[in-house]
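The values are calculated or read from the model by the stated rules, or taken from the named source; none is laboratory data. Remember, it's a predicted structure, so these values are computed and weren't measured experimentally. For neighbour counting, all protein chains shown are included, and Cβ atoms are generated from backbone atoms with ideal geometry for every residue, glycine included.
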Amino acid sequence: MTVIVNIQEAQTNLFKLIQRVIAGEEIIIAQSGKPVARLVLHSPQPIGRLPGSAKGKIWMAPDFDAPLPDKIIDLFEGSEST
């Protein structure tokens, strides 16, 4: 629910308005009947990725991209039964 209040009311009742925002309301602050600001619940921005932050934490075998043995390939192709 959105509520519109004038600046004077917002100054006088800021604590109460913040409590209403915490409860889920959106408060629009108006000056001379025209909206100028909006009180909404703060949601922290997600932390972005930092390139290189995993350096030294990941290890790959030198042959990680080597072809699979024929026996394993045959199992996946269905030409050999177990």
Per the filter on segment 42-64, residues of a type in the set (A, V, I, L, M, F, W, C) and closer than 30 Å to Gln19 by Cα are Ile47
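So that you can scan it fast, the table gives a plain yes or no per residue for (1) under 23 Å from the mean Cα position of the chain (by Cα); (2) surrounded by 11 or more Cβ atoms within 10 Å (Cβ to Cβ):
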| site | (1), (2) |
| --- | --- |
| Gln31 | no, yes |
| Ile47 | yes, no |
| Gly52 | yes, no |
| Phe64 | no, no |
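Only one residue in Arg20, Arg49, Arg38 is of a type outside the set (Phe, Trp, Tyr) and modelled with pLDDT under 90, so which one is that?
When all the criteria are applied, what remains is Arg49.
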